[in-house]
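Contents: one structure, followed by commentary.
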Amino acid sequence: MSISRLMARLCLLLLVLPFTAPLVAEELEHDTLQIVREVSLQEYEPPSDGKVTQDQIDEFIRIAQRAASLETRHMASSHASLLARIEAVALENGNWAEHQWVRSQLMQTVVTRTMANPSLDDASRHNDALFEANKDRLRAIMDVP
C-alpha cells in the first residue's frame, strides 16, 4: 500500500469515524443501535506523553479478533467492519474512544515507518518499539505492510 493511501486512510479514520454512528443508525437492529449509542458517549483522555501501553495493544488485538468473528452478523450493512468493531469493543467491555486513540497511534506509527522517518519524539520511539514487538499480531489484523 502506498504512503498516500495510508495517509488518506488515516485522515478518513480521524475525521469521519466520530460522525459515522448517526449515519448508519437506520440500518441497525435495535440492540446494535443501542450499543452504537452507548459507545458514542464514551470518553477517553489520552496520556499526556502519547505512549500506548502493552495492555492497550493486547486489548486492541483482542477486539479486532472478536470483530472479525462478528463481521458476518452485519454483512447486510454497508458498514459491517465498523459495526463489528463497535460491537466487539462493547462485548470486551472496552472504551470506544480509547480504542480509536490506540488505533490512530498505531496508524501514525505505520505511516512513520512507511516513510522511513526517524521517530521524532519519545512517544513515537516508544510506540514504534511496541509496534515492533507486536508486529506479527498487528499485521494480521491491520491492513499495513
Quiz prompt | Residues being closer than 17 Å to residue 109 by Cα, buried (at least 16 other Cβ atoms within 10 Å of the Cβ) and within 15 Å of the chain's Cα centre (by Cα) - total across region 47-63 | solution = 5
Quiz item: If you go through region 115-132 one residue at a time, how many are assigned to a helix (DSSP H, G or I), surrounded by fewer than 16 Cβ atoms within 10 Å (Cβ to Cβ) and either of a type in the set (Ser, Thr, Tyr) or in contact (Cβ under 8 Å) with a residue 24 or more places away in the chain (or both)?
Solution: 1
Practice problem: Go through region 94-109 and give me each residue that's of a type in the set (S, T, N, Q) and within 18 Å of residue 132 (Cβ to Cβ). | Solution: 105, 108, 109
Quiz item: Can residue 70 be described as surrounded by 15 or more Cβ atoms within 10 Å (Cβ to Cβ) and under 12 Å from the mean Cα position of the chain (by Cα)?
Solution: no
Self-check item: Qualifying positions in region 90-145 - over 22 Å from residue 49 (Cα atoms) and either of a type in the set (S, T, N, Q) or touching a strand residue (DSSP E or B) at 6+ places or on another chain (Cβ under 9 Å) (or both)
Solution: 93, 114
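Bear in mind these aren't lab numbers, they're just calculated from the coordinates by the rules spelled out. Being a predicted model, the structure only gives us computed values, none of them experimental. Don't worry about glycine lacking a Cβ; one is built from the backbone with ideal geometry, like all the others, and counts go over all protein chains shown.
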